[in-house]
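Chemist: Pasting a structure here, questions to come.
Please treat every number below as a calculation from the coordinates, not as lab data. No experiment lies behind these values; they were computed from the predicted model shown. Ideal geometry is used to build each Cβ from the backbone, glycine not excepted, and the neighbour counts take in all protein chains shown.
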Amino acid sequence: MATRYNSKHVSQIWRGEEVKIASRRVTKKTVWETGLIIEGQAKLLCAVDTGRLAASITTQTEDQGTMPSGEGAVATDVISKPGREQEALVGTPVFYGPYIEFGTFTTRAQPFLRPALDLAKGRALTLAERNGRIEFKEYLQ
């Protein structure tokens, strides 16, 4: 759809497809960055004995992922990729991760993923706004 006016008026051209693609880029980048914030906070909050649990916490999106890093990291400690586009998974493949997060009948819970998610919730909107301003700067002028 294109509308053109005489030289005294601004020319408007339909750029809907470009905007859709750009908005997907904004969402994808924001989801990835939010996942990385959750990962970082979870590593800081998790209980440490050998360090393997913290080192195994990773972030995965459909086409990106972090590798386990730090003392106690094992290269095979990788979580699965999400099944949907525009989604990130943050977690640990270490079998005892849920026992630390939720506790057992003999040990108290020491949550690290849920508090990390709570801390990141406030940042997601800020990231989306920043990424949107960068991606749509030509439209905002």
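Chemist: Tell me the trypsin sites (Lys or Arg not before Pro) within region 41-129 that lie in a loop according to DSSP and have at most 15 other beta-carbon atoms within 10 Å.
Modeler: Values: sites: Lys43, Arg52, Arg84, Arg108, Lys121, Arg123; in loops: Arg84, Arg108.
For trypsin sites (Lys or Arg not before Pro) across region 41-129 that sit outside H, G, I, E and B with at most 15 neighbouring Cβ atoms in 10 Å, the list reads Arg84, Arg108.
Chemist: How large is the dipole of the chain about the Cα centre if only Lys and Arg carry +1 and Asp and Glu carry -1, each at its Cβ, rounded to the nearest 20 debye? Could the numbers behind the result be given before it?
Modeler: Working: 19 positive and 16 negative charges, 138 e Å.
Once rounded to the nearest 20, the dipole reads 660 debye.
Chemist: Considering only C-alpha atoms, what is the centroid distance from region 18-33 to region 93-117, in Å?
Modeler: 32
Chemist: Right, another one. If one takes the longest principal axis of the Cα atoms in the chain, at what angle in degrees, from 0 to 90 and to the nearest 10, does the Cα axis of helix 113-135 lie?
Modeler: 20
Chemist: Determine the sum of side-chain charges near Glu85: Lys and Arg each +1, Asp and Glu each -1, restricted to other residues whose C-beta is under 14 angstrom from that of Glu85.
Modeler: Numbers: positive: Lys20, Arg24, Arg25, Lys28, Lys29, Lys81, Arg84; negative: Glu62, Asp63, Glu87.
Cβ neighbours under 14 Å give a net charge of +4.
Chemist: Order of 90-101, 62-73 by packing, highest average Cβ count within 10 Å first? Could you put the intermediate results ahead of the total?
Modeler: On the way: 90-101: 17.2, 62-73: 14.5.
The densest-packed peptide leads the list: 90-101, 62-73.
Chemist: Report the net charge of residues surrounding Glu138, where surrounding means a beta-carbon distance below 13 angstrom and charges are Lys +1, Arg +1, Asp -1, Glu -1. Don't jump to the answer; show the numbers that get you there.
Modeler: Working: positive: Arg15, Arg133, Lys137; negative: Glu18, Glu135.
Computed value for this residue: +1.
Chemist: Hey, another quick one. Going 7 Å from the Cα of Arg130 along its beta-carbon direction, which residues of region 11-53 have the amide nitrogen within less than 12 Å of the resulting point?
Modeler: It comes to 30, 33-34, 37, nothing else.
Chemist: Ok, one more. Excluding residues fewer than 8 places away in the same chain, name every one of the lysines whose C-alpha is closer than 20 Å to that of Lys28.
Modeler: Candidates past the 8-residue exclusion: Lys20, Lys81, Lys121, Lys137.
Chemist: Per 0.36 nm of contour for each residue apart, how much would the distance between Leu44 and Gln64 grow if the chain were fully extended, relative to their Cα-Cα spacing?
Modeler: Working: separation 20, 0.36 × 20 = 7.20 nm, distance 2.20 nm.
Once the chain is fully extended between Leu44 and Gln64, it gains 5.0 nm.
Chemist: Related question: How far, in nm, would the chain grow between Trp14 and Leu119 when pulled straight, counting 0.36 nm per residue and subtracting the alpha carbon separation?
Modeler: Stretched fully, the Trp14-Leu119 segment lengthens by 33.9 nm.
Chemist: Here is a follow-up. Note the full-extension length gain between Glu87 and Lys137 as 0.36 nm times their separation in residues minus their Cα-Cα distance, in nm to one decimal. Before the final figure, lay out each step's value.
Modeler: Details: separation 50, 0.36 × 50 = 18.00 nm, distance 2.49 nm.
Going from the current span to full extension adds 15.5 nm.
Chemist: Is it possible to state the helix-based mean residue ellipticity at 222 nm for the chain, with each DSSP H run of 4+ residues giving -39500 (n - 2.57), the sum divided by total residues, to the nearest 500 deg cm²/dmol? What is it? Could you put the intermediate results ahead of the total?
Modeler: Values: 4 runs with 64 residues, N = 141.
Result for the chain, helices only: -15000 deg cm²/dmol.
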